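Just so you know, all these numbers are worked out from the coordinates, no wet-lab data involved. None of these values were measured; they are calculated from a predicted model. Don't worry about glycine lacking a Cβ; one is built from the backbone with ideal geometry, like all the others, and counts go over all protein chains shown.
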Amino acid sequence: MDRETILITGGAGFIGSNLTEYLLEMGHRVIVLDDLSRSTTDNIRACYNHSPNFYFVKSSVLDFELVDRLVSNVDIVFHLAAQVHWEESIDDPVPSFAVNTLGTQNVLEAVRRSMARRYPLKLMLYASSSEVYGTARYVPMDESHPFNPQSPYAAGKAAADRLCSAYHHVYHVPVIILRQFNTYGPNQRIKGYSAVIPKFVSQVMSGRPPTIYGDGTQTKDFHYIDDLIGAYALIVDKWEDLNLFGTAINFGTGQETSINQLAEIIIRAVSEETGRDLGGNLEPIHLPKRPGEVMRFAADISLARKCLGFTPKFDITEGITRYVRWFTKEGSHTA
């Protein structure tokens with residue numbers, strides 16, 4: 001790919017910061033837009049070493065005038081900004097919908113307006129979510145799996161997902177929709193509502209048993225961050241040769257891991273990384289099941305394999321080991 005100017009909304013977040021570092025290392029100019037409400041500048045500290053190719057704007061995707069101005073000056077947009085926790089959306093649904101749905105429409109509208117430029121924007125990538133599918137009706141779940149969002153977060157992401165499709169079909173916006181399964185890895189920190197992996201690692205590192213909601217048999221498709229960044233790289237390298245605009249693509253591993261299994265893997269990884277004999281002292285504590293939780297996930301990644309040559313490299317055991325190693329050095333200091 002030629003050297004491009006790229007806008008990443010939510011670029012200080014877990015996924016966005018990893019993507020930002022990768023693109024800077026590839027020689028691109030990157031503008032990050034993030035309001036830091038669910039992220040931290042710790043994630044992008046190293047990016048300033050790439051100045052003047054790195055520029056940070058602290059603001060929200062809800063500021064349309066700013067979004068419009070930024071989009072008008074870039075070649076590619078990665079729209080990652082979101083309120084990402086379904087539990088938070090249940091407790092406070094209005095902000096979740098505003099950021100996830102109205103914020104996405106702001107970006108889409110800015111991209112639509114940019115199409116009138118002499119040199120139109122080339123590509124928009126939208127980070128959708130596997131949560132739009134709800135609990136699996138069949139496994140693995142392909143891109144044609146029915147939508148059945150089970151939380152306000154999932155419903156907002158589903159609406160934004162379909163907005164992207166509509167803007168392509170009506171306005172020819174060059175958008176590709178990425179339905180990402182449960183991504184984890186470095187820069188995923190404990191801050192307010194937390195994803196299950198950093199929560200479990202934090203608990204086990206501090207000598208507390210993992211707390212599991214429900215019986216722990218619910219499954220997810222846990223996808224290591226380096227594999228997702230590799231998927232992004234394949235898209236930005238190959239999109240001109242593929243007819244993918246308006247298309248949704250799953251990214252995951254195709255493997256199911258139950259929450260009970262995840263707890264066991266994390267306890268073992270922490271024990272091996274720290275040299276502590278955790279033995280049977282950290283038997284998980286089971287709490288009542290929460291409303292809105294999806295009970296089964298596993299991605300069908302056939303389309304990503306066929307179109308992009310995508311193949312995940314990290315299984316859950318290796319990925320968790322790498323995350324625990326990072327958390328020991330950096331993540332635990334920001335908990």
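Stokes-Einstein D for the stretch 1-103 at 25 °C, 0.890 mPa s, Kirkwood Rh over Cα pairs, in µm²/s? Kindly include the intermediate steps, with their values, before the conclusion.
Values: Rh = 13.9 Å.
Diffusion coefficient, whole number: 177 µm²/s.
Going by alpha carbons, how many degrees (0 to 90, nearest 10) lie between the helix axis of 196-205 and the longest principal axis of the chain?
40
Let me know the Rg and Dmax you get for the stretch 104-225 when you use only its Cα atoms, in Å.
In Å, with Rg to one decimal and Dmax whole: 18.0, 59.
Please go through the residue pairs Lys157/Lys289; Lys58/Lys191; Lys157/Lys220; Lys289/Lys313 and name each one whose alpha carbons sit more than 21 Å apart in this structure.
Values: Lys157/Lys289 23 Å; Lys58/Lys191 18 Å; Lys157/Lys220 18 Å; Lys289/Lys313 32 Å.
From Lys157/Lys289; Lys58/Lys191; Lys157/Lys220; Lys289/Lys313, over 21 Å: Lys157/Lys289; Lys289/Lys313.
Within the stretch 53-129, report the trypsin sites (Lys or Arg not before Pro) that DSSP leaves as loop and that have at most 13 other Cβ atoms within 10 Å. Mind dumping the intermediate values first?
On the way: sites: Lys58, Arg69, Arg112, Arg113, Arg117, Arg118, Lys122; in loops: Arg117, Arg118, Lys122.
When the trypsin sites (Lys or Arg not before Pro) of the stretch 53-129 are filtered for loop state and at most 13 Cβ neighbours within 10 Å, Arg117, Arg118 remain.
On C-alpha positions alone, give me the angle between the axis of helix 225-238 and the longest principal axis of the chain, in degrees, nearest 10.
Tilt relative to the chain: about 20 degrees.
Where does the chain land at 222 nm, in deg cm²/dmol rounded to the nearest 500, when only DSSP H runs of n ≥ 4 count, each adding -39500 (n - 2.57), divided by all residues?
Working: 11 runs with 124 residues, N = 335.
My calculation for the chain gives -11500 deg cm²/dmol from helical runs alone.
Expressed as a rounded percentage, what relative contact order does the chain have, with Cα pairs under 8 Å and six or more residues apart? Walk me through the numbers before you get to the answer.
Working: 653 pairs, mean separation 59.9, N = 335.
It rounds to 18 percent for the chain.
Can you run phi through the Karplus equation (6.51, -1.76, 1.60; θ = phi - 60°) for the stretch 177-184 and list ³J(HN,Hα) in whole Hz, with x for Gly and Pro?
Ordered by residue, 3J(HN,Hα) equals 9, 9, 8, 8, 7, 7, 7, 8 Hz.
Which percent of Cα pairs goes in each bin when the distances of the chain are cut into 20 angstrom slices starting at zero?
P(r) over the chain, rounded to whole percents: 32, 60, 8, 0.
Return the percentage of antiparallel bridges among DSSP beta bridges fully within the chain, rounded to the nearest 5 %.
Once the DSSP bridges in the chain are tallied, antiparallel ones form about 5 percent.
Please give the net charge around Arg296, taking every other residue with its beta carbon less than 15 angstrom from that of Arg296, where Lys and Arg add +1 and Asp and Glu add -1.
Around Arg296, the surrounding residues sum to -4.
Report, in degrees rounded to the nearest 10, the 0 to 90 angle that the Cα long axis of helix 103-114 makes with the longest principal axis of the chain.
For helix 103-114, the angle is close to 30 degrees.
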